[in-house]
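Visitor: First the structure, which I've put down as structure tokens, then a few questions once you've had a look.
Throughout, read-outs are computed from the coordinates displayed, never taken from laboratory work. All of these numbers come straight from a predicted model, not from anything done at the bench. Ideal geometry is used to build each Cβ from the backbone, glycine not excepted, and the neighbour counts take in all protein chains shown.
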């Protein structure tokens, strides 16, 4: 991703997307979690990565990147992409805890990620399956029809290549 954030306290790491969905985000909100959720997946454009920031259970920021297109979307515009990514078949999720001060600093330095929950609530963003259409709309004409990255590139990114060689 274009953005780099403090790692914080790793709560969960390399969780398969099949075991972590939108309902888990709703649980984090109910538990008043502070930190961020990172989803990394093999999407229509290649490697896609999304970050959702929560402070005391409230959504405070979001960012989503399409690495092959070197494109990033921020704030409210990234929320639907993030939840679409959570519904993908192949990918992983990391969950990192941050202090309130760390989150406030991130929001102060990266104002473009700031957003709040949509009027319909987070449930309104939940999707049953990953759809390539929201991503294709962002890509330059003709991009995304041929991936620049492979699943092996995804494994390299999350440092799992030794397991699959």
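Visitor: How big is the range 38-102 by Rg and Dmax over its Cα atoms, in Å?
Guide: 11.9, 36
Visitor: Using a 7 Å offset from Cα along Cα-Cβ at residue 16, what residues in the range 74-95 end up with backbone N under 13 Å from the label point?
Guide: Answer for this model: 89-93.
Visitor: Calculated FRET efficiency, residue 90 and residue 58, Cβ-Cβ r, R0 30 Å, to nearest 0.05?
Guide: Efficiency, from the Cβ-Cβ distance: 0.50.
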